[in-house]
Amino acid sequence: MAEGNGVADFLRAASRDGDGSANLLSDKDIEAVMTAAMKVYTLRAEQSGKFPPPVSPSEATATEVVTVVSEMLRAVDVNMFDLSMWYRRPRGQ
């Protein structure tokens, strides 16, 4: 991980244990980080044609992934039918 880019500080803040850790970042801060991460991942995937795991399978639980994905779909008004069409399309198209 590159030093000085803020990612290491963010990860340290996100991994803090104890009371109040859920309030380390505002809702708007989390929205900005998630949006930026999604855009960077999509751009890299489109340019390279590679789709590496966007989350660490050993660090993220199924509940965490489904919670985030569900809310992302709601945020952009994508229904399950639309999702199934995207999911079945070949990667890189």
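Summed over region 53-93, the residues that are under 30 Å from Gly6 (Cβ atoms) and at pLDDT 90 or above give a count of 23.
Only a single criterion out of (1) closer than 27 Å to Lys28 by Cα; (2) touching a Lys or Arg at 6+ places or on another chain (Cβ under 9 Å); (3) not hydroxyl-bearing (Ser, Thr, Tyr) is not satisfied by Pro53, namely (2).
Please pick out the residue among Lys50, Lys28 that is more than 22 Å from Glu71 (Cα to Cα) and either at pLDDT 75 or above or surrounded by 11 or more Cβ atoms within 10 Å (Cβ to Cβ) (or both). Before the answer, list the steps.
Working: Lys28 fails: more than 22 Å from Glu71 (Cα to Cα).
The match here is Lys50.
Tell me, yes or no, whether region 48-67 has at least one residue that is assigned by TED's automatic domain parsing to the domain that holds Arg89, outside any loop (DSSP other than H, G, I, E, B) and not β-branched (Val, Ile, Thr). Yes: one or more hits. Residue-level check: of (1) over 20 Å from Val7 (Cβ atoms); (2) surrounded by 10 or more Cβ atoms within 10 Å (Cβ to Cβ), Leu43 misses just (1).
The values are calculated or read from the model by the stated rules, or taken from the named source; none is laboratory data. The structure presented is a predicted model; accordingly, all values stated were derived computationally and were not measured. Reconstructed Cβ throughout: ideal geometry from the backbone, glycine too, with neighbour counts over all protein chains shown.
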